[in-house]
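The values are calculated or read from the model by the stated rules, or taken from the named source; none is laboratory data. Values in this document were obtained by computation on a predicted structure and should not be read as measured data. Note that each Cβ is placed from the backbone with ideal geometry, even for glycine, and that neighbours are counted across all protein chains shown. Remember, those area values only see protein heavy atoms, side chains included, never the ligands or the DNA or RNA. Shrake-Rupley method; radii C 1.70, N 1.55, O 1.52, S 1.80 Å.
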Amino acid sequence: MAGSQDKRPIELRHLTALPDLGEAVRLQKEIWGFEDIELLPQRLFVVATKVGGQVIGAFDDDRMIAFLLAIPGLKRGDSTYLHSHMMGVLEPYRNLGVGRMLKLKQREEAQARGIGLVEWTFDPLEIKNAYFNMERLGAVVRRFVLNQYGTTTSHLHGGLPTDRCVAEWYIDSDRVNRIVTGQPYEKPPVLERIPVPSDIAQIRATDPRRAREIQAGVSEHFLEYFNRGLAVIGFERTPEFGTYLLGPWDSK
């Protein structure tokens, strides 16, 4: 299992106690730098535990170092799913597999309840996150939302509009089963590509105008290709770019 620098194992557990839920609220500020007005309040975490959502924490010894919050959703035709609204990992624990542990725990618990779909939004400029979602979890993307949350106070968002991809994770599908277990999976043919510069984080921090131009171009391509019925079916990385791979996708 992933662990901190001294190799202690990371423990995952469902959060129900008020002190733990309060700590998840505090971690939002430490991870994203949100102002108080933008923090998800403790009562929302409490409600999620009562109405079929998920609040899962990751602990290094007694210290919470990451959390995941999901709330139940309902689609047309009484189809239920989970909307995975927030997952955050403290900076020293990133790149240790903690995020993947949380998502696989989420999948395991959802499967036990007969839930087949988990959705979440993510910033398309966060190319490491995109690779994780597509290539490590097996999610696909068919929807795109312009400025979903408005402009936030988080330093991670760089003052840009919060344009978001909507990830669909069909947790019982052959695609997901193969990808999360490391088995070969043949992707559909790639018809279009959307590249994002690998140094986009630096550009966002030092040249906001150029970052906004890149973001606008990326968003325009997503909207165009999704209107044509394509989906993000994969992601590839080179030293220069992270590239979304789009093609046909008509099955789970």
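Listed by chain and number, the aspartates and glutamates placed with their C-alpha closer than 15 angstrom to that of LYS75 are GLU119, GLU168; residues fewer than eight positions away on the same chain are left out. Multiplying the residue separation of ARG43 and GLU186 by 0.36 nm and removing their Cα-Cα distance gives an extension gain of 47.1 nm.
For the stretch 24-61, GluC sites (Glu not before Pro) meeting the loop criterion (DSSP other than H, G, I, E, B) and having at most 15 other Cβ atoms within 10 Å: GLU35. Put simply, the chain fits an ellipsoid with semi-axes of 27, 23, 19 Å; these come from the alpha carbon gyration tensor as the roots of five times its eigenvalues, largest first. With a Förster radius of 25 Å applied to the C-beta separation of ASN177 and ASP250, the computed FRET efficiency comes to 0.85.
Surface composition of the chain: carbon and sulfur atoms hold 50% of the protein heavy-atom accessible area at a 1.4 Å probe. The separation of the stretch 173-252 from the stretch 65-106, counted between C-alpha centres, amounts to 20 Å. Run lengths n ≥ 4 of DSSP H only: what is the helix-derived mean residue ellipticity at 222 nm for the chain, with -39500 (n - 2.57) per run over all residues, to the nearest 500? Calculated at 222 nm, the ellipticity per residue is -9500 deg cm²/dmol. In this rough spin-label picture, where each label sits 7 Å from Cα along the Cβ direction, the ARG212-GLU35 distance is 1.8 nm.
Each label point was placed 7 Å from the Cα along the Cα-to-Cβ direction; for GLU236 and GLU109 their separation is 3.7 nm. Of the complete DSSP H runs in the chain, those spanning 27 angstrom or more by Cα along the long axis with a mean Kyte-Doolittle score not below -1.0 are 208-227. Using Cα-Cα distances under 8 Å and only pairs 6 or more residues apart, what relative contact order does the stretch 1-137 have, in percent? The value is 21 percent.
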